[in-house]
Amino acid sequence: MTTATLEIYRTESGAVYEVVGRRVRRTSATGDGPIGDWQDYVAINRLPAALMRPGSQGEVLEILLVGGRRIYTSRLVVPTD
């Protein structure tokens with residue numbers, strides 16, 4: 001039996017990104033299921049939101065997929081206690 005770590009990133013626009021191993025997919029924030037298929041990625045970077053919109057606070061994700069395509073998210077929602 002193997003185990004995997006699931007990382008979840010939520011954005012202000014309502015998107016949820018699930019990351020397992022070297023794969024990522026976008027899912028519905030309402031729990032309706034996946035919006036996209038699993039895709040292999042090379043890197044996931046957290047960037048200052050001000051790079052996308054000057055004056056913005058917080059962070060966005062840059063997801064570099066295998067094949068060179070990049071996905072940029074809206075600002076990440078900070079988890080609350």
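Details
- Whether the range 1-51 is rounded, prolate or oblate, judged on the alpha carbon gyration tensor where a/c under 1.5 counts as rounded: oblate
- Over the range 33-81, relative contact order from alpha-carbon pairs under 8 Å, at least 6 apart, %: 30
- Carbon and sulfur %, accessible surface of the chain computed with the full protein complex present, 1.4 Å: 50
- Think of a 1.4 Å ball rolled over the protein heavy atoms: the chain then has 70 Å² of accessible area per residue.
- Gain in span if fully extended, Ser13 to Met52, counting 0.36 nm per residue against the direct Cα distance: 12.6 nm
- Between Thr30 and Val78, the C-beta separation translates, for a Förster distance of 22 Å, into a calculated FRET efficiency of about 0.65.
- The range 31-78: C-alpha gyration tensor shape, a/c 1.5 cut-off, then a/b vs b/c: oblate
The values are calculated or read from the model by the stated rules, or taken from the named source; none is laboratory data. Just so it is clear, the structure is predicted and the values come from calculations on it, not from any experiment. When we count neighbours, we look across all protein chains shown, and the Cβ atoms used for this are built from the backbone with ideal geometry, even at glycine. Calculation scope for accessible area: heavy atoms of the full protein, side chains included, ligands and nucleic acids excluded. Shrake-Rupley method; radii C 1.70, N 1.55, O 1.52, S 1.80 Å.
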